[in-house]
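A.B. asks: Sharing a structure below in structure tokens format, with a few things to ask.
The values are calculated or read from the model by the stated rules, or taken from the named source; none is laboratory data. Computed from a prediction, not measured in an experiment: that's the story for all the values here. Neighbour counts run over all protein chains shown; Cβ positions are idealised from the backbone, glycine included.
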Amino acid sequence: MAKQTVLVTGGAGYIGSHTIVELLANNNYDVISADCFFNSSPKAYTQIEQITGKKIKSYNIDLCDEKAFDKIFAENKIDGVIHFAAFKAVGESVEHPLKYYHNNIASLVNLLSLCEKHKVQNVIFSSSCSVYGNVQKLPVDENTPMPKAESPYAYTKQIGESMLEDFCKQHTTFNAIALRYFNPVGSHISAKIGEWPLGKPNNLVPLITGTAIGKYPQLTVLGGDYPTRDGTCIRDYIHVTDIATAHVLALNYLLEHKNKSNYDVYNLGSGNGVSVLEAIAAFEKVSGKKLNYKIGDRRPGDVIAVYSDSSKVQNTLGWKCEHDIDSMMKTAWEWEVYRTQNNF
Ligand SMILES: NC(=O)c1ccc[n+]([C@@H]2O[C@H](COP(=O)([O-])OP(=O)(O)OC[C@H]3O[C@@H](n4cnc5c(N)ncnc54)[C@H](O)[C@@H]3O)[C@@H](O)[C@H]2O)c1
């Protein structure tokens, strides 16, 4: 395959930055990032350069601004897009639904309109296991029906998938894959990039590592009375590098015309359900640190338990999950130590 150009939206963010590293390691791709640093910093690009030795082209634009977004397509010949840019905090989406509907939907409408205009035919979309809501049967596979979404955030992912499916029906030469991530955690093995939210994080692992390093006095476990084996929520944690490699495989698959259908969805999870207390225990084991935590109230919008059947992505794209929960916690901790030492 000749060298291809990939536009990565949200490339300065957590999963976007790790995916750029994997795309550059692949050597078949030139990467352009579009991000306006709502939840990230341009320093992510310097860190990517340190890891890969490669400088990427980047645009500081809000994807909801269609005119600014159009400039990227006008100035570059793009072969495929990986669309990460979105707001992602479930709790915040319950408090500020319109902020989520506006950003997550308008950016995708603009992306698809511009793909149509500039004849870009391959898109990978960041979806989420939150589309499944509170499921009756575990593990969850791609045929599990989607109920009414538990949060505005989850609804933006359901809408995003429907938009892609409808667009693909009308544009038979356009190809899209939606990857439904379970719970991405951990960081690159170099510890030079990782989860780097602006302000206090909303996700469990940066709260664990941030508490252990002394940024936050105590971790509050959100609910200890769920009907699970230890009363805390169960999630399918997956290493961010495993998520990143799946994107490279999915993109290769589309660009090499291996897809039989022009729209498809895949779960991306490890297949293992881990409770919040088990995640804390894994962290304490690999870091040698005792975590100060208490059990608090449930958070609106959180589902009780979810973990994946990821056999479809394994069988079709040849993807394999390489990292276990210990490796996820170890790399997350190494990143926390690195970013604290370097004042990030
Ligand atoms: N991290 C998770 O737990 C998780 C789980 C499932 C799905 N996802 C999805 O994966 C994608 C990436 O998540 P992440 O964890 O890397 O989040 P992130 O917040 O670290 O990265 C998203 C990036 O997109 C940028 N962005 C957001 N809106 C933008 C806009 N309008 N214009 C330009 N840039 C914009 C942000 O500045 C940020 O750098 C999101 O779509 C998210 O919903 C994440």
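A.B. asks: Determine whether region 252-259 contains at least one residue that is of a type outside the set (A, V, I, L, M, F, W, C), in contact (Cβ under 8 Å) with a residue 60 or more places away in the chain, under 17 Å from residue 318 (Cβ atoms) and not in a loop (DSSP other than H, G, I, E, B).
C.D. replies: Yes: region 252-259 contains one or more residues that are of a type outside the set (A, V, I, L, M, F, W, C), in contact (Cβ under 8 Å) with a residue 60 or more places away in the chain, under 17 Å from residue 318 (Cβ atoms) and not in a loop (DSSP other than H, G, I, E, B).
A.B. asks: Are there any pairs, at least 6 apart or on different chains, whose C-beta atoms fall under 8 Å, with the first in region 92-104 and without any contact (Cβ under 8 Å) to a residue 60 or more places away in the chain and the second basic (Lys, Arg) and not in a loop (DSSP other than H, G, I, E, B), and if so, which?
C.D. replies: 104/157
A.B. asks: Given the condition surrounded by 15 or more Cβ atoms within 10 Å (Cβ to Cβ), hydroxyl-bearing (Ser, Thr, Tyr) and either more than 15 Å from the ligand (Cβ to nearest atom) or at pLDDT below 95 (or both), answer yes or no: does some residue in region 58-79 qualify?
C.D. replies: Within region 58-79, not a single residue is surrounded by 15 or more Cβ atoms within 10 Å (Cβ to Cβ), hydroxyl-bearing (Ser, Thr, Tyr) and either more than 15 Å from the ligand (Cβ to nearest atom) or at pLDDT below 95 (or both).
A.B. asks: Something else: Can you pull out every residue in region 94-112 that is over 16 Å from residue 9 (Cα atoms), part of a helix (DSSP H, G or I) and more than 10 Å from the ligand (Cβ to nearest atom)?
C.D. replies: 94, 95, 97, 98, 99, 101
A.B. asks: Can you find a residue that is touching a helix residue (DSSP H, G or I) at 6+ places or on another chain (Cβ under 6 Å), outside any loop (DSSP other than H, G, I, E, B) and at pLDDT 95 or above anywhere in region 288-307?
C.D. replies: Looking for residues that are touching a helix residue (DSSP H, G or I) at 6+ places or on another chain (Cβ under 6 Å), outside any loop (DSSP other than H, G, I, E, B) and at pLDDT 95 or above, one finds none in region 288-307, hence no.
A.B. asks: Output the residue which, of all residues in region 3-50 that are among the aromatic types (Phe, Trp, Tyr) and near the ligand (Cβ under 9 Å from one of its atoms), is farthest from residue 79 (Cα to Cα).
C.D. replies: By that ranking, first place goes to 38.
A.B. asks: If we scan region 121-131, do we find a residue that is more than 12 Å from the ligand (Cβ to nearest atom), part of a helix (DSSP H, G or I) and more than 18 Å from residue 92 (Cβ to Cβ)?
C.D. replies: Among the residues of region 121-131, not one is more than 12 Å from the ligand (Cβ to nearest atom), part of a helix (DSSP H, G or I) and more than 18 Å from residue 92 (Cβ to Cβ), which makes the answer no.
A.B. asks: Filter region 314-343 down to the residues that are among the basic types (Lys, Arg) and more than 22 Å from residue 211 (Cβ to Cβ) and list them by number.
C.D. replies: Listed by number, the list holds a single entry, 320.
A.B. asks: Can I ask one more? In region 310-322, how many residues are in a loop (DSSP other than H, G, I, E, B) and buried (at least 18 other Cβ atoms within 10 Å of the Cβ)?
C.D. replies: The qualifying residues number 3.
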